[in-house]
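The values are calculated or read from the model by the stated rules, or taken from the named source; none is laboratory data. Source: prediction; values computed, not measured. Every residue, glycine as well, gets a Cβ built from its backbone with ideal geometry; the counts of neighbours run over all protein chains shown. Only protein heavy atoms, including side chains, enter the accessible area calculation; ligands, DNA and RNA are left aside. Shrake-Rupley method; radii C 1.70, N 1.55, O 1.52, S 1.80 Å.
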Amino acid sequence: MSRQSAFRPSQTLAIYDGAALRVVNGANLGDSLSFADELMLEDIYRLSPVAALHPMALSGLARSPFRIAASSEIGTPGADLHLDCCLTFMSGHGGTAECLIFVETDAEGNVRQVYVHPLAPMQPKTDYVLVGIDRDGAMQRFAQIACTSFTRGTAITLATGAQKPVEALEPGDKVLTRDHGVQEIRWVGQHTVRATGAFAPIRIAQGTLNNTADLIVSPDFRLFIYQRHDALGAGRSELLVRARHLVNGKTITQEPGGFIDYFQMILDDHYIIYAEGIAAESMIVDDRTSAALPDDLNDALERLVPGHKRMDSSDLEIDEQFLARPDAAELLRRSSGG
């Protein structure tokens with residue numbers, strides 16, 4: 001395998017075919033899940049017992065329409081993929097589940113296929129009542145998944161070497177970066193979400209990656225690893241590793257349940273900072289994550305640090321296949337000198 005193939009520039013989503021969810025009671029009885037214009041509130045859906053999630057790879061992180069990547073397991077490579085809406089379902093147990101609806105179109109712009117990206121686990125043999133259809137907020141929900149987020153209490157290393165919990169940080173505070181010395185925080189944000197599915201946090205137990213305390217981050221959060229020797233066969237020493245790709249059920253776990261406060265920080269560029277003593281990324285503002293930010297902040301960033309949105313660190317990200325082993329975290333700890 002070539003060095004280039006070890007890294008992926010695309011975002012990968014877990015997708016159901018729209019036909020996996022069908023109306024079992026309501027106005028659209030018998031119909032599969034579709035796009036917003038064809039949906040009716042209060043219709044009751046049920047997930048097929050043979051439904052399976054498939055990885056869909058998107059090339060780049062541009063705004064909708066996205067492009068289905070050549071490596072995608074599902075969908076037509078090269079086709080446009082439109083983010084149509086965010087749906088909210090309520091189960092008979094009173095819990096809610098959100099789904100993002102994507103529509104693949106052909107060269108003439110006609111609908112070819114509808115796909116479902118669940119933001120929380122959905123179970124077969126369970127009735128789900130459609131209670132919400134949100135077109136305006138869909139991109140924001142999609143963006144929040146990609147935001148680099150710490151959780152309350154995470155200790156961030158300041159320029160002085162002191163530690164400060166992320167929720168206490170303010171614009172103007174100076175933090176230590178790995179390669180660019182002291183840098184000033186431009187913005188600190190927070191959002192609270194239900195800790196389930198794509199938003200359930202990842203806990204990295206103390207010492208697992210030489211971290212000084214448990215580190216709890218959002219699933220797509222990326223850690224920076226410098227390998228003294230190439231333990232994973234990735235072909236390079238500097239790696240960015242998504243937290244969710246390291247879950248092993250023991251020292252690195254995903255922890256659903258309740259609600260979670262996520263915090264983000266923006267510096268003048270996408271820098272490597274230190275959280276609980278280990279290297280981790282600050283938030284990068286790109287075409288996707290910018291949808292999660294206030295409009296006035298996007299305007300300010302464009303004026304103050306216009307180069308920020310051009311940052312691209314995808315060449316450092318290691319493919320999930322290199323981490324699909326129970327000892328991946330231990331290998332990374334040892335190879336980084338721990």
Does anyone have the angle between helix 295-304 and the longest principal axis of the chain? Alpha-carbon axes, 0 to 90°, nearest 10? 40 degrees
Using a Förster radius of 30 Å, what is the FRET efficiency between ALA52 and GLU238 based on their Cβ-Cβ separation? Nearest 0.05, please. 0.30
Would you work out which of THR88, THR253, SER335 lies farthest towards the positive end of the dipole of the chain? Charges go on Cβ: Lys and Arg +1, Asp and Glu -1. SER335
On full extension of the chain, what length is gained from VAL24 through GLN140, given 0.36 nm per residue of separation minus the C-alpha to C-alpha distance? 38.7 nm
Any idea of PHE259's accessible area? Nearest 10 Å², probe 1.4 Å. 140 Å²
Provide the packing ranking of 203-211, 167-175, i.e. peptides ordered by the mean count of other C-beta atoms within 10 Å per residue, highest first. 203-211, 167-175
Quick one: with all protein chains in place, what share of the accessible area of the chain is carbon or sulfur, to the nearest percent (1.4 Å probe)? 48 percent
Can you figure out the FRET efficiency of THR192 with ARG334, using R₀ = 41 Å and their beta-carbon distance, to the nearest 0.05? 0.65
To the nearest 0.05, what FRET efficiency results for GLU184 and HIS229 with a Förster distance of 41 Å applied to their C-beta separation? 0.70
Which cross-chain or sequence-distant (5 or more) residues have an amide H under 5 Å from the amide H of TYR45, H modelled 1.01 Å from N in plane? VAL24, TYR128, VAL129, LEU130
Sticking with the crude label model, points 7 Å out along Cα→Cβ, report the distance from ARG325 to ALA107 in nm, one decimal please. 4.4 nm
If you roll a 1.4 Å probe over the heavy atoms of the protein chains, what accessible area per residue do you get for the chain, in Å²? 44 Å²
Gyration tensor on Cα atoms of region 96-148, a ≥ b ≥ c root eigenvalues, a/c under 1.5 rounded, else prolate if a/b beats b/c, else oblate, says oblate
